[in-house]
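Each remark here refers to the structure printed beneath this line.
The values are calculated or read from the model by the stated rules, or taken from the named source; none is laboratory data. From a predicted model like this one, the values you see are computed outputs, not experimental measurements. Cβ: placed from backbone, ideal geometry, glycine included. Neighbour counts: every protein chain shown.
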Amino acid sequence: MKKSVFLGALTVAGIAAGGVFAGTLDDVKARGKLNCGVTTGVAGFAVPDANGEWDGFDVGVCRAVAAAVFGDPTAVEFVPTTGKTRFTALASGEIDMLARNTTWTFSRDVDLKFDFVGVNYYDGQGFMVPTALGVTSAKELDGATVCIQTGTTTELNLADFFRANGISYEPVPIETNAEGQQQYLAGACDTYTTDASGLAATRATFESPDDHVLLPEIISKEPLGPLVRHGDNEWGDIVRWSLNALISAEELGVTSANIGEMSAGTNNPEINRLLGTEGNLGEMLGLSADWAKNAIAAGGNYAELFERNIGENTPIGLSRGLNAQWTDGGLLYSPPFR
Amino acid sequence: MTTLTDPPKESFRLSMLIYDTRYRSMTIQVVALIGFLIAIGWLISNTANNLAELGKEPSFGFLWEPAGYDINQRLLDYNSQSPHIRAAVIGLMNTLVVAVLGCITATVLGVTIGVLRLSKNWIIARLMTIYVESFRNVPVLLWIVFAMAIITETLPQPKDFRGEDAIATMKLGDSVAITNRGVYIPEPLFSSGIGDVSVFNDAFEVSLDLMAILALLGASLVISGLIKKRADQIQAATGVRPTTWYARLGVIVIPMAILLYVLGFHLGYPELKGFNFTGGTHLRNSLIALWLALSLYTAAFIAEIVRAGILAISKGQTEAASALGLRPSRTMNLVILPQALRVIIPPLISNYLNLTKNSSLAIAVGYMDLTGTLMGITLNQTGRELETVLLGMLVYLTISLSISMVMNWYNNSVKLRER
Ligand SMILES: N[C@@H](CCC(=O)N[C@@H](CS)C(=O)NCC(=O)O)C(=O)O
């Protein structure tokens, strides 16, 4: 009895002792792979395929970072997290970064002590209803039963939206997207609300997607992006600039198809700096010179990732919208590589 | 010639702490205690250091910030602007509701099944065995999820009740609606009620109608008790027991009927309006699933305890009682059960505690209990893991200790008094 108490205490202490984080890069290198937190499954963003290989738009960010660090996009251990477990997983060091449809908010950045390194999808919260319900606006949802994932910005926006419009609703709290989908399809709730991209992705997996519509109202700003723990700026820089490399690559016309050719040297100095044929950006990050080349080669540039996973030619069918390059009237704008 | 010498005066040497059996066990315990305290102290200081390094000083101030989220089942006033502490109280109430409902149902079911398992009827006894074995041997979480899945997937949706050729209809003279979102039953209403008072600086509203009813019920029960006492005295003095059931029933029923009439008591029926049924009391699918699963599961254990308790009373007791001329029902009530209770109650306590703690599995079906509010959404939105979990553990500990205390007190009152 006394022995088990001791052992228990030691384990807890061991966990507590691991609580100080710096040198995440060294840890990742020593481990030989990146621990990346993703969703438990949202089509197009992060889902394991039939062979258990994770794929998706958020997964692409994880793979790019792994490629930047190791030159190997498969050196990733994907850790599925729910809306509720994701922050504890990151804060406790179980994962090195989180790429999971997570909204950049003030309190998560400041109070929860995380650093958002950028935005990989500009989104907003929407509502999905069965077409048969005959609802055309979210303001007509007075008295409706609403499925929401707990531990999200979604549930807070929802409370604000209904209160501001003076209408009432019955929340049905759920843990994962899969559970929300099941409850919604069983009619245990009238409407399912989450990020519009997530709704589109969820609807795409339905047997008859056309029987469901997204209501026109977008009730919030949801800038979704990868995040790391606050306090390890070197590691934050690596994740931030891996994402920027994907965005810049699109802007500069670097694709997975022409990257081999381009890394032989071009007459655009920024491309040369990005791909490591000029300057020493990689060295500054503590990585190899071809770090960004590897990150881009892993799954292609931002546009390629977008079109392959969630773009208009996929069942999810999202248009670029706000997520177009700034040169095309969108919000994507990577700081320069110099 | 003195051959006898005094035994050498024993002086205390340090090595005796280890080699002398008189001291050794004490030494070991002291060392273990010191080690244990050092480990605890190190743990606490380590945690505090790490939290400080992460910039998260432990503090409970967040409990008074607005929670920001809504809760579906609320026994007290609550909205998204209420503070986190209030959300925690709402969660606590929900925990208590399902724990109380679960304990009552599990006891009734468990006692029935336990007795029936001893039945001489082969089929009934076997059926009860199957029940006990199947519920006991599948984890309760699966039963909870299973119950929820059955409810949401097989029961009709509210919209199925709509229209001319509705697929589903309300039951019991249109007073009860059974849907996959839960069951709607009539609610008691008072048309000329005396309203509510707020207590503790408006923290809670207490219904005066309910208070009046409870007070009257209490008074009636006391009077009914007095009538029984008098009947006992008469029986002791004369050997004849006066018939009192109509008087005892009357003092309870008649004043209550008058009070309900004065308060304008009537039932509010559920009605399909818009997306959902409104009016009536809504027993949510999550509550029903959790309640059912916890009761059925715990009942299997209680049944075994009851069976063991009854089997523990020797057959001689039954034979002696019938030799004295007691009827079988009286033998059960006056001889067997009071003795069996002594065996039954201690393990029963731990089953009540288990049920209460298992209710934290509520999270699996989205029932907003203490784990769902304080240790769930509040934890997640504020990032205060340490504080919320500590607080939650403290509350569960308090609930469990209270249950133990009450049950131990009851146990003492039925236990064998040695004279
Ligand atoms: N952006 C919101 C909501 C994020 C969220 O939970 N989205 C859902 C639907 S897109 C999701 O990713 N679910 C994945 C899962 O259940 O694992 C937040 O950061 O709080």
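Every residue, every condition in (1) closer than 30 Å to B:THR356 by Cβ; (2) of a type in the set (A, V, I, L, M); (3) assigned to a loop (DSSP other than H, G, I, E, B), yes or no:
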position	(1), (2), (3)
B:ALA125	no, yes, no
B:THR129	yes, no, no
B:LEU141	yes, yes, no
B:ILE144	yes, yes, no
B:GLU164	no, no, yes
B:THR169	no, no, yes
B:TYR184	yes, no, no
B:VAL206	yes, yes, no
B:LEU210	yes, yes, no
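Screening region A:201-224 for residues that are under 22 Å from A:ASN157 (Cα atoms) and either among the hydrophobic types (A, V, I, L, M, F, W, C) or free of Cβ contacts under 8 Å to residues at least 24 places away in the same chain (or both) and picking the one that is surrounded by the fewest Cβ atoms within 10 Å (Cβ to Cβ) gives A:LEU214. Taking each residue of region A:263-275 that is in contact (Cβ under 8 Å) with a residue 60 or more places away in the chain and looking for partners that are polar (S, T, N, Q) and crowded, with 16+ Cβ neighbours inside 10 Å with beta-carbon atoms closer than 9 Å, six or more apart or interchain, yields A:GLU270/A:SER248; A:LEU274/A:SER248.
For region A:160-179, a residue qualifies if it is within 9 Å of chain B (Cβ to nearest Cβ) and over 24 Å from the mean Cα position of the chain (by Cα), and the qualifying residues are A:ASP160, A:PHE162, A:ARG163, A:TYR169, A:GLU170, A:PRO171, A:VAL172.
Suppose we keep only residues that are within 16 Å of the ligand (Cβ to nearest atom) and free of Cβ contacts under 8 Å to residues at least 40 places away in the same chain within region A:133-157. Which one would you say is surrounded by the fewest Cβ atoms within 10 Å (Cβ to Cβ)? That would be A:LEU156.
Just one of (1) outside any loop (DSSP other than H, G, I, E, B); (2) touching a helix residue (DSSP H, G or I) at 6+ places or on another chain (Cβ under 9 Å); (3) not assigned by TED's automatic domain parsing to the domain that holds A:VAL47 fails for A:THR88. It is (3).
Residue check: A:TYR122 meets all listed conditions (1) surrounded by fewer than 23 Cβ atoms within 10 Å (Cβ to Cβ); (2) away from the ligand (no atom under 12 Å from the Cβ); (3) among the aromatic types (Phe, Trp, Tyr) but one, namely (2).
Given the criteria under 24 Å from the mean Cα position of the chain (by Cα), over 30 Å from A:GLU179 (Cβ atoms) and surrounded by 13 or more Cβ atoms within 10 Å (Cβ to Cβ), does B:GLY114 qualify? Let's see the steps before the verdict.
Details: under 24 Å from the mean Cα position of the chain (by Cα): yes; over 30 Å from A:GLU179 (Cβ atoms): yes; surrounded by 13 or more Cβ atoms within 10 Å (Cβ to Cβ): yes.
Considered against the rule, which asks whether it is under 24 Å from the mean Cα position of the chain (by Cα), over 30 Å from A:GLU179 (Cβ atoms) and surrounded by 13 or more Cβ atoms within 10 Å (Cβ to Cβ), B:GLY114 comes out as yes.
Scanning region A:82-98 for residues that are within 11 Å of the ligand (Cβ to nearest atom) and crowded, with 24+ Cβ neighbours inside 10 Å yields A:GLY83, A:ARG86, A:PHE87, A:LEU98. The one condition from (1) under 17 Å from the mean Cα position of the chain (by Cα); (2) within 11 Å of chain B (Cβ to nearest Cβ) that A:GLY134 does not meet is (1). Restricting the first member to region B:32-55 and to residues that are facing another protein chain (nearest Cβ under 9 Å), and the second to residues that are assigned to a helix (DSSP H, G or I) and of a type in the set (Phe, Trp, Tyr), the beta-carbon pairs closer than 8 Å and six or more apart or on different chains are B:GLY35/A:PHE6; B:PHE36/A:PHE6; B:ALA39/A:PHE6. Scanning region A:75-90 for residues that are of a type outside the set (Phe, Trp, Tyr) and within 17 Å of A:ASN309 (Cβ to Cβ) turns up just one, A:VAL76. In region A:99-117, of all residues being within 14 Å of chain B (Cβ to nearest Cβ) and near the ligand (Cβ under 10 Å from one of its atoms), the one that is surrounded by the fewest Cβ atoms within 10 Å (Cβ to Cβ) corresponds to A:THR105. Total residues in region A:216-232 satisfying the condition of being more than 14 Å from chain B (Cβ to nearest Cβ) and over 17 Å from A:GLY44 (Cβ atoms): the figure is 6.
Does region A:41-48 contain at least one residue that is within 16 Å of the ligand (Cβ to nearest atom), modelled with pLDDT of 90 or more, in a helix (DSSP H, G or I) and touching a Gly at 6+ places or on another chain (Cβ under 8 Å)? Looking through region A:41-48, none of the residues is within 16 Å of the ligand (Cβ to nearest atom), modelled with pLDDT of 90 or more, in a helix (DSSP H, G or I) and touching a Gly at 6+ places or on another chain (Cβ under 8 Å).
Scanning region B:249-293 for residues that are out of contact with any Asp or Glu (no Cβ under 9 Å at 6 or more places or on another chain) and under 17 Å from B:ASN72 (Cβ atoms), we see that the one that is surrounded by the fewest Cβ atoms within 10 Å (Cβ to Cβ) is B:LEU283.
Considering region B:256-321, there are no qualifying strands (runs of 3 or more DSSP E) wholly inside with 3 or more residues that are aromatic (Phe, Trp, Tyr).
Checking region A:2-18 against the condition returns no match, with no residue being modelled with pLDDT of 90 or more, in a loop (DSSP other than H, G, I, E, B) and more than 12 Å from the ligand (Cβ to nearest atom). Are there strands (runs of 3 or more DSSP E) fully within region A:189-275 with at least 3 residues that are away from the ligand (no atom under 12 Å from the Cβ)? List them. In region A:189-275, A:212-214 are the strands (runs of 3 or more DSSP E) which contain 3 or more residues that are away from the ligand (no atom under 12 Å from the Cβ).
When B:ALA300, B:ALA308 are checked against the criterion of being without any contact (Cβ under 8 Å) to a residue 40 or more places away in the chain, of a type outside the set (Val, Ile, Thr) and surrounded by 13 or more Cβ atoms within 10 Å (Cβ to Cβ), B:ALA308 stands alone in meeting it.
Report yes if some residue within region A:177-188 is within 30 Å of B:PHE146 (Cα to Cα), among the acidic types (Asp, Glu) and within 16 Å of the ligand (Cβ to nearest atom); otherwise report no. Within region A:177-188, one or more residues are within 30 Å of B:PHE146 (Cα to Cα), among the acidic types (Asp, Glu) and within 16 Å of the ligand (Cβ to nearest atom).
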